[in-house]
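All remarks here apply to the structure that follows.
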Amino acid sequence: MTNDAPFFSLRRNGIFLPVLLGLAFLLLPIRLPASDSENQVFPVPAPPFSENIFPCSDCHDDLEINTTPRKLADEHQDIQFNHADRISWCFDCHDAANRDRLRLASGATIPFTQSYLLCGQCHGTIYRDWRAGVHGKRTGFWNGRKQYLLCAHCHNPHTPKFKPLRPEPPPMAPRSFSGKAPTWEKRHTDK
């Protein structure tokens, strides 16, 4: 009986062990480094603050810090919290010591231009999609400079869910240069 099968020829040539080790290596789990976009600072326009509201320190620097949750009576009465069950007070997101910054769950503070990091703590899959350009809006070039819109450009951070919208009517069917409907349209509308 001759051993002409490829397996035996590998063994005979002394490369059986390296091939076996190479195949075993391919089966090992491989941990790739975090992508650069996870640590990237994204170019964004200024957050959409209400007029005369920022910097917050203009008013809050002279006020005593009161972290007790309560209904605000003097200022910010227009703010209604409807953002998950856990977010119900200013200092869940805003930093008490420096009102011009936001506070992450870790205690680190960030500028409002990096609010996507704060939102991404709870909305991880949406944050991933936003970084990739699938969620939200970004402008610029495929292989060049881009500008992203912050979550707050589209969502009210205190009440982020969109209100229901009335759908627009469907688009008009295209017409030929002669003004007549294309044949496919006649087929579907002549019933």
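Across segment 158-164, coupling constants 3J(HN,Hα) worked out from phi with the 6.51/-1.76/1.60 Karplus curve, θ = phi - 60°, read 8, 9, x, 5, 5, 6, x Hz, and Gly and Pro carry x. Computed from the Kirkwood radius of its Cα pairs, the Stokes-Einstein diffusion coefficient for segment 101-163 at 20 °C and 1.002 mPa s stands at 170 µm²/s. Ranking of Cys122, Cys56 by neighbouring Cβ atoms within 10 Å, starting from the fewest: Cys122, Cys56. Post the alpha-carbon centroid distance, segment 44-102 to segment 140-165, in whole angstrom. Cα centres, segment 44-102 to segment 140-165: 20 Å.
Every number here is computed from the coordinates shown, using simple stated rules; none is lab data. Being a predicted model, the structure only gives us computed values, none of them experimental. Neighbour counts run over all protein chains shown; Cβ positions are idealised from the backbone, glycine included.
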